[in-house]
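Novice: My questions all concern the structure below.
The values are calculated or read from the model by the stated rules, or taken from the named source; none is laboratory data. It should be emphasised that the depicted structure is a prediction, and the values quoted were computed from it without experimental measurement. Cβ sites come from the backbone with ideal geometry, for glycine too, and all protein chains shown count toward neighbours. Note: areas computed on protein heavy atoms with side chains; ligands, DNA, RNA excluded. Shrake-Rupley method; radii C 1.70, N 1.55, O 1.52, S 1.80 Å.
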Amino acid sequence: MRMSKMNDVLSKKESERRLFVLEDNMWKVVLAISIPLALYNGFNHLFSVLDTLMASQISSEVVSAVAYLSQIKIMFTAIGTGLSVSGGIIVARCYGAGDIKKARKYVNTLFFMAFAIGLFVLVTIVPFTKPILRFANTPAELIDIGSTYFAIEIIVIISMFINNVYIAVEKAKGNTKAILYLNLMVIGIKLSLTALFIYVFHWGITAMAIATLLSHFFLTVVAFYDLLRVDNIFRLSIKEVHLSFVFVKPIIFLATPIFFERFAFSFGKVIVNSMSGAYGVMVIGALNISNHIAGIINGLGNGFQDGEASIISQNMGNQNYERAIDGFKKTLIITVVIALGGFIMMSIFMDPIIGLFAKGDIAFAREIKNIFKYERHTFITLAVSASVMGLLYGLGHTRLALIINFIRLFLFRIPTLYLLQKFTNLGSESVGIAMMVSNGLVGLTAAIVGFVIIRDLKRKKECVLGF
């Protein structure tokens, strides 16, 4: 009966996609759902590298400013991230259970909340840009270079909040190919405009923020166009917005830990950037570049994590417990294989890749290598961590995800860097070692958590999302 009611609402293509996630071979499901997301994340990091390369054409200080200010921006965008991830979990559960009417109400409520919160962040942050940057212990030279850049990046937040919810909804439906195509268009617009502004017009760092604003606004226009179509099952309607506490409680319950997780993680990175600045502003840029290079490989694992969470959420909504666990196992195998291949590739081509960023600056190349030669050793442990995090998100264990990422920075990374700075003379290598220690230990921690969660899930055979 539930299937009949659902099929009256879903299109044939949507029904087939849903049944594919719930019933088909899990290897095929994981690859079909997650590969577009993995490719998007991989391309996103690759293009971030290209963006950084273009920033390096202005100056090494601009590279450091972008790195430092981006982490502060992410602290504020964590609100929208928490909203979209939690909303995606709930919509996927309703979608998997066949309750399309309830899913539609959540979609409309999520979009309303995203716009309202984004507007609130905008009006409370932009007027106080410089005081906020000073409070974040931003080096004075980076404030002078990038305060206007930061203000424009904050303006982008409204579009980002809306876009993140739209992507989460499409992900919940398993429509990951559309996500890949749309985001590649956004990245293409961003890179094209950045290249135009820097190489042709020779504008500065502010132009890079304008390119970001225009590219994200493009996706916002596409999102509204799609969601206002009459034949869209999640068509936007103010009548479908429900703001009662009882209705939004599940969103808040799941979003709050995710917000604190992302906020704390970014805040921790701001602290690490500030501590790295003790070795000079150049080291902040070197750390950013090392993270970007590593992110090309780690981003693929994070894409599979996103797909895994959607697969698990849908199957848990349909009470397919064994399939949910199988989705985790298949994702873990794939991400570990990718990480191993990435480690081999990055080890072989490490010097040429670093040389692309150093632009003949031997000192800068040395600083990048001092960090990356250690960071590359944790590709596999981060692959394990990504797979476990996908499991936790899919099951709704967002508080556990918060704890894992919190200890990654505030127990494993920052204290390690502090001790290395205080009791050794390793210089900027301390930053790389701290990255290796924290990323290695978080992988071990995640593995233990994953083992316990799966054992309990097999034992109880029940959903623990709590809504």
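Novice: Applying the selection to the stretch 190-210, what residues are within 27 Å of Val126 (Cα to Cα), out of contact with any Phe, Trp or Tyr (no Cβ under 6 Å at 6 or more places or on another chain) and assigned to a helix (DSSP H, G or I)?
Specialist: As a first pass, look at the stretch 190-210 and keep what is within 27 Å of Val126 (Cα to Cα): 190-198, 201-210.
Going one step further and asking which of them are out of contact with any Phe, Trp or Tyr (no Cβ under 6 Å at 6 or more places or on another chain), we end up with 190, 192-196, 198, 201-202, 204, 208, 210.
Listed by number, the residues that qualify are Lys190, Ser192, Leu193, Thr194, Ala195, Leu196, Ile198, Met208, Ile210.
Novice: Give the stretch 420-439 a look and list any residue that's in contact (Cβ under 8 Å) with a residue 40 or more places away in the chain and open to solvent by 50 Å² or more (accessible area, probe 1.4 Å), or say none.
Specialist: Gln421, Met436
Novice: Please pick out the residue among Leu142, Leu69 that is surrounded by 23 or more Cβ atoms within 10 Å (Cβ to Cβ), assigned to a helix (DSSP H, G or I), modelled with pLDDT under 85 and over 21 Å from the mean Cα position of the chain (by Cα).
Specialist: Values: Leu69 fails: over 21 Å from the mean Cα position of the chain (by Cα).
Going through Leu142, Leu69 in turn, just one is surrounded by 23 or more Cβ atoms within 10 Å (Cβ to Cβ), assigned to a helix (DSSP H, G or I), modelled with pLDDT under 85 and over 21 Å from the mean Cα position of the chain (by Cα): Leu142.
Novice: With at pLDDT 80 or above, in a helix (DSSP H, G or I), open to solvent by 50 Å² or more (accessible area, probe 1.4 Å) and of a type in the set (A, V, I, L, M, F, W, C) as the only criterion, which of Leu50, Leu39 stands out? Don't jump to the end; show me each part of the working.
Specialist: Details: Leu50 fails: at pLDDT 80 or above.
Residue meeting the stated conditions: Leu39.
Novice: Sticking with this one: How many residues does the stretch 230-244 contain that are over 27 Å from the mean Cα position of the chain (by Cα) and surrounded by 11 or more Cβ atoms within 10 Å (Cβ to Cβ)?
Specialist: Residues that pass the stated criteria total 3.
Novice: When the residues of the stretch 245-273 are filtered to those that are open to solvent by 10 Å² or more (accessible area, probe 1.4 Å) and small (Gly, Ala, Ser), which remaining residue is nearest to Asn164 (Cα to Cα)?
Specialist: Per the criteria, the residue is Ala255.
Novice: Still on this structure, I have one more. Kindly list, by first and then second residue, each pair from a residue in the stretch 328-344 that is in contact (Cβ under 8 Å) with a residue 40 or more places away in the chain to a residue that is open to solvent by less than 40 Å² (accessible area, probe 1.4 Å) and of a type in the set (S, T, N, Q), limited to pairs with Cβ atoms under 6 Å and residues at least 6 apart or on different chains.
Specialist: Thr331/Ser387; Leu332/Ser387; Thr335/Ser387
Novice: Just for the stretch 194-206: of the residues that are under 17 Å from Lys73 (Cβ atoms) and crowded, with 19+ Cβ neighbours inside 10 Å, which one is modelled with the lowest pLDDT?
Specialist: Let us first name the residues in the stretch 194-206 that are under 17 Å from Lys73 (Cβ atoms), namely 194, 205-206.
Restricting the remaining residues to those that are crowded, with 19+ Cβ neighbours inside 10 Å gives 194, 205.
Numbers: Thr194: 87, Ile205: 82.
Here the answer is Ile205.
Novice: Picking from Leu417, Leu402, Leu409, which residue would you name as being within 20 Å of the chain's Cα centre (by Cα), open to solvent by less than 20 Å² (accessible area, probe 1.4 Å) and either among the aliphatic types (A, V, I, L, M) or within 19 Å of Ala339 (Cα to Cα) (or both)? Please lay out each step first, then the result.
Specialist: Details: Leu417 fails: within 20 Å of the chain's Cα centre (by Cα); Leu402 fails: open to solvent by less than 20 Å² (accessible area, probe 1.4 Å).
After applying the criteria, what remains is Leu409.
Novice: If you don't mind, there's one more thing I want to ask. Give me a count of the residues in the stretch 348-384 that are under 25 Å from the mean Cα position of the chain (by Cα), surrounded by fewer than 22 Cβ atoms within 10 Å (Cβ to Cβ) and of a type in the set (Gly, Ala, Ser).
Specialist: Matching residues across the stretch 348-384 total 0.
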